[in-house]
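Comments concern the structure below.
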Amino acid sequence: MSQAFLIAGALFGGTGVLLGAFGAHALKTRLTPEALSSWDTAVTYQLFHALALLFAGLLARSVTHPAVTVAGLSWIVGLLLFSGSIYVLAIGGPRFFGPVTPIGGLALIAGWASMLVAVAKQV
């Protein structure tokens, strides 16, 4: 899983920069200030969790606890649901994506809880 988390971290990092620039330039005049703020929130969470995935990928090379894998997978799912739903909603997508956002947020939190378990077991 180490390699998968490293690849996912790099992909989410690169697309996070791309989506941030897209929001700042192409969407700046097309979105309301509230929608643009939501877009920025999605980008911020994506970039932070891209770094977390890189960390999980590196950690998985030396820590064999399954909680590292749970953390990485939770962050991938969480980013797709949390940031993904916010991107869709910000550009005026269907409102049924609204309830998806907190599910993604819970997945992100679960990832951090899993990482806590993984590192605590190594101390």
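All of the numbers you see were taken from the coordinates with simple rules; none came from a lab. Just so it is clear, the structure is predicted and the values come from calculations on it, not from any experiment. Counting neighbours? That spans all protein chains shown, and the Cβs are built from the backbone with ideal geometry, glycine included.
Of note:
- Residue list for region 64-87, filter: of a type in the set (Val, Ile, Thr), closer than 23 Å to residue 2 by Cβ and in a helix (DSSP H, G or I): 68, 69, 70, 76, 77
- Unmet requirement for residue 62, which otherwise passes all of (1) under 30 Å from residue 122 (Cβ atoms); (2) of a type outside the set (Asp, Glu); (3) crowded, with 21+ Cβ neighbours inside 10 Å: (3)
- Pairs meeting the criteria (first residue in region 22-48 and in a loop (DSSP other than H, G, I, E, B), second residue exposed (fewer than 15 other Cβ atoms within 10 Å of the Cβ) and not basic (Lys, Arg), beta carbons under 8 Å, at least 6 apart or on different chains) are 27/91; 31/91.
- Residues satisfying the stated conditions in region 88-105, i.e. surrounded by fewer than 15 Cβ atoms within 10 Å (Cβ to Cβ) and part of a helix (DSSP H, G or I): 95, 96, 102, 103
- Subset of region 106-123 [outside any helix (DSSP H, G or I) and in contact (Cβ under 8 Å) with a residue 12 or more places away in the chain]: 121, 122
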